[in-house]
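The structure under discussion appears below in the form of structure tokens.
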Amino acid sequence: MRILLTGGAGFIGSHAAQALLARGHVVTALDNLNAYYDPALKRARLARLEKSAGFRFVEADIAEAEALGEAVKSERFDVILHLAAQAGVRHALDDPASYTRSNLVGHQNILEFARRHDRLAHLVYASSSSVYGNDTTPPYSENARADKPVSYYGATKRAGELLSHSYAELFGLKQTGLRFFTVYGPWGRPDMAYWLFTDAILSGRAVPVFGEGKLRRDFTYIDDIVAALVRIVETPFRDEAGLAPHKIYNLGNSRPESVLDLIRKTEAATGRTARIEKAQAPAGDVRETFADISRAARDFGFSPKVPLGEGIGEFVAWFRSYRKTP
């Protein structure tokens, strides 16, 4: 298949591109390489892909409709895998406009591009567990209302889901939305707790811990996520009579663990002891994330395999190699 992948220099996007290329698909990747975190990491991810047959990268911002159209020109795609977004819960406290631009304007631009694109069979897009907020009863089901997100990031991702549903209703645009739950692993994001903890422990700095380390997250290893992405991209969308062609799935490990669990497993992987420092949690952090994955298991055979200790071990080994840290 010919696939348009947005966010191709991102953590999940670069892993997805690698897996899709390995299966013989043709991938055109877009990314604006912004400075939310070090663009050098994004370029290093791209360097792993650029020699692959069937891969093309274009630097473009999806929030600029004309630039998006110019980037792909006359190319025709079977599937769009839309992973580009302004990520991070806490950064939205300082720059909410960047989330509006990427997650709402950019998402709508992709929807409009998709609905006018000849022969497009399916739009698969990234949402987030942040849509659930604190009022949903765990494990979180896709049937929950999810109308009280506590972060602006979560609000923009939920709004994106609603925009997608309206395009499905109005134009018949076939779409699958994926609510990711705390994805981690090699080539990950420097703003995430597992990266920050590993960096601090190896550098001998204190590890700031919110909520006495009792906050729980459904940590999900990147390989489990990518296996699901490939299956979903390769599976034709199944219409259901009387329903708009729009489905949403949780993709999580379905086994939440505390922040203290993460620290202990990072200590084991690094062979170092963490120096813990209590800190006040910033606004927007949820108490727990916990995915009900029965829908994804039923429709795509989704079954996460990698436990947190093993996944953190893989990340720490990569981190030491990337940073040249003993």
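Taking every residue in region 109-128 that is over 17 Å from Asp61 (Cβ atoms) and pairing it with any residue that is assigned to a loop (DSSP other than H, G, I, E, B) and among the acidic types (Asp, Glu), at least 6 positions away or on another chain, the pairs with Cβ-Cβ distances below 9 Å are Arg119/Asp78; Leu120/Asp78; Ala121/Asp78; His122/Asp78.
Within region 153-209, restricting attention to residues that are outside any loop (DSSP other than H, G, I, E, B) and among the charged types (D, E, K, R), the residue that is most open to solvent (accessible area, probe 1.4 Å) is Glu169.
Is it the case that Val105 is in contact with a Gly (Cβ under 9 Å, 6 or more places away or on another chain) and either modelled with pLDDT of 95 or more or part of a loop (DSSP other than H, G, I, E, B) (or both)? Taking the combined requirement at face value, the residue does not satisfy it. Within region 216-242, restricting attention to residues that are open to solvent by 30 Å² or more (accessible area, probe 1.4 Å) and among the aliphatic types (A, V, I, L, M), the residue that is farthest from Ala193 (Cα to Cα) is Ala241.
A quick yes/no check of all residues on (1) of a type in the set (Ser, Thr, Tyr); (2) part of a strand (DSSP E or B); (3) open to solvent by 40 Å² or more (accessible area, probe 1.4 Å); (4) under 23 Å from Ser151 (Cβ atoms):
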residue: Ala244; (1), (2), (3), (4): no, no, no, no
residue: Leu260; (1), (2), (3), (4): no, no, yes, yes
residue: Ile276; (1), (2), (3), (4): no, yes, yes, no
residue: Ala283; (1), (2), (3), (4): no, no, yes, yes
residue: Ala297; (1), (2), (3), (4): no, no, yes, no
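Pick out the one residue from Ala63, Ala29, Ala9 that is out of contact with any strand residue (DSSP E or B) (no Cβ under 9 Å at 6 or more places or on another chain), surrounded by 19 or more Cβ atoms within 10 Å (Cβ to Cβ) and not in a helix (DSSP H, G or I).
Details: Ala29 fails: out of contact with any strand residue (DSSP E or B) (no Cβ under 9 Å at 6 or more places or on another chain); Ala9 fails: out of contact with any strand residue (DSSP E or B) (no Cβ under 9 Å at 6 or more places or on another chain).
On inspection, the qualifying residue turns out to be Ala63.
Close Cβ contacts (under 7 Å, 6 or more residues apart or on different chains) running from residues in region 72-98 that are open to solvent by 30 Å² or more (accessible area, probe 1.4 Å) to residues that are of a type in the set (Phe, Trp, Tyr) comprise Val89/Tyr153; His91/Tyr36; Pro96/Tyr152. Is it true that Ile248 is open to solvent by 10 Å² or more (accessible area, probe 1.4 Å), closer than 30 Å to Gly24 by Cα and at pLDDT 95 or above? Spelling it out, Ile248 is indeed open to solvent by 10 Å² or more (accessible area, probe 1.4 Å), closer than 30 Å to Gly24 by Cα and at pLDDT 95 or above. Residue under question is Lys265, and the condition is that it be under 30 Å from Phe171 (Cβ atoms) and crowded, with 19+ Cβ neighbours inside 10 Å; does it hold? So Lys265 fails the test.
In region 117-152, of all residues being open to solvent by 30 Å² or more (accessible area, probe 1.4 Å) and acidic (Asp, Glu), the one that is farthest from Val233 (Cα to Cα) corresponds to Asp135.
The values are calculated or read from the model by the stated rules, or taken from the named source; none is laboratory data. Bear in mind that the values here come from a model prediction, so they are computed numbers and not experimental data. As a convention, Cβ positions derive from the backbone with ideal geometry for all residues, glycine included, and neighbour counts pool all protein chains shown. Ligands, DNA and RNA are stripped out before the accessible areas are found, and what is left, the full protein with its side chains, is counted by its heavy atoms. Shrake-Rupley method; radii C 1.70, N 1.55, O 1.52, S 1.80 Å.
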